[in-house]
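See structure below.
Each reported figure results from applying straightforward, stated rules to the coordinates on display, with no laboratory input. On a predicted model such as this, the values are computed, not experimentally measured, just so you know. Every residue, glycine among them, receives a Cβ derived from its backbone with ideal geometry; neighbour counts consider all protein chains shown.
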Amino acid sequence: MSTWLDGRIEIVTADITTLHVDVIVNAANPSLLGGGGVDGAIHRAAGPQLLEECRTLGGARPGEVKMTKGYRLPAKAVAHAVGPIWRGGNHGEAETLASCYRRALELAEAAGYRTIAFPSISTGAYGYPIEQAARVAQATVKAYLLENDSPLRVTFCCYSPGDTRVYEQVAGEILGAS
Ligand code: AR6
């Protein structure tokens, strides 16, 4: 575990479904009705009521985020973000990915939450290269926290030690100088 930006950002290796934070972010697909990867893990851990609520949401477009309750999760809420599918990098992927992070932070703060954890959105089934995704994630979160003088505390939850190493290396460039 490492902390950055005066302790407002931390990087951990963990299963996001175990984290005791106010909000965990899901890397969902436009149906918002579940899938594999972290999406499947969140639905399993939250229980069937999560899917029931998700059925009422009407899906979401890439870059959009919709919130639900956390049900059986230790987290109070889930922010379902639809990341971009990687198509080489020239199809607005970075903007769409940044929107996922920004919207999740905006919704969490507007709902009065104080702690939020993100998985590495789009870097599994959706194929976004991890280092590039980590740069977008960290730059977007840093800008949000500083520009909005936000009280949120943010966890980047990596699922493997290798991903954590990439996040730490990128943090040295993007978060270290702050
Ligand atoms: N905790 C934290 N991170 C996890 C966990 C977990 N329990 N499980 C996987 N990861 P992915 P995507 C990491 O594929 O690329 C789904 O089917 C994983 O190692 O879950 O945005 C959706 O329904 C990777 O670093 O999401 C969509 O159809 C990261 O989470 C599609 O996959 C994201 O991998 C979305 O693809």
For Lys69 and Ala125, extending 7 Å from Cα along the Cα-Cβ vector and measuring point to point gives, in nm, a value of 2.6 nm
Sequence order, the range 48-59: Karplus ³J(HN,Hα) from phi using 6.51 cos²θ - 1.76 cosθ + 1.60, θ = phi - 60°, Hz rounded, Gly and Pro as x, gives x, 5, 4, 4, 4, 5, 4, 5, 8, 8, x, x
Taking the dipole of the chain about the Cα centre (Lys, Arg +1; Asp, Glu -1; charges at Cβ), the one of Gln169, Ala125, Leu146 that reaches farthest to the positive side is Ala125
For Ser2, other-chain or 5+-apart residues with amide H closer than 5 Å (H placed, Pro excluded) are Ile11
Which residues qualify? For Thr155, with a placed amide H closer than 5 Å and at least 5 residues away or on another chain, they are Glu10, Ile116, Ala117, Phe118
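When the helix-only estimate is applied to the chain (DSSP H runs of n ≥ 4, each -39,500 (n - 2.57), divided by the residue count), what is the mean residue ellipticity at 222 nm, nearest 500 deg cm²/dmol?
On the way: 5 runs with 67 residues, N = 178.
Mean residue ellipticity, 222 nm, calculated: -12000 deg cm²/dmol.
Once you charge only the Cβ atoms, +1 for Lys and Arg and -1 for Asp and Glu, what is the size of the charge dipole of the chain about its Cα centre, to the nearest 20 debye? Don't skip to the answer; put the middle values down first.
Details: 16 positive and 18 negative charges, 79 e Å.
Computed about the Cα centre, the dipole is about 380 debye.
For the range 56-141, what relative contact order do you get, as a whole percent, if you take Cα pairs closer than 8 Å and at least 6 residues apart? Walk me through the intermediate numbers first.
Values: 105 pairs, mean separation 23.3, N = 86.
So the answer I get is 27 percent.
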From fewest to most C-beta neighbours within 10 Å, the residues Met1, Met67 line up as Met1, Met67
Mean Cβ-within-10 Å packing, highest first, puts peptides 22-30, 42-50 in the order 22-30, 42-50
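With an 8 Å cut-off on Cα pairs and a minimum separation of 6 or more residues, tell me the relative contact order of the range 2-174 in percent.
RCO, the range 2-174: 29 percent.
Applying 1/(1 + (r/R0)^6) with R0 = 25 Å to the Cβ-Cβ distance of Ser31 and Ala143, what FRET efficiency is obtained, to the nearest 0.05?
Numbers: r = 30 Å, r/R0 = 1.20.
With R0 = 25 Å, the Cβ-Cβ based efficiency is 0.25.
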Sorted by chain and then number, the residues having a modelled amide H within less than 5 Å of the amide H of Met67, at least 5 places away or on another chain, are His80
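Using the Cα gyration tensor of the range 2-174, with a ≥ b ≥ c the square roots of its eigenvalues, what is the shape: rounded (a/c below 1.5), prolate (a/b larger than b/c) or oblate (neither)?
Values: a/c = 1.43, a/b = 1.20, b/c = 1.19.
Here the range 2-174 falls in the rounded category.
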Distance in nm between Glu95 and Ala14 label points, each 7 Å along Cα→Cβ, equals 3.4 nm
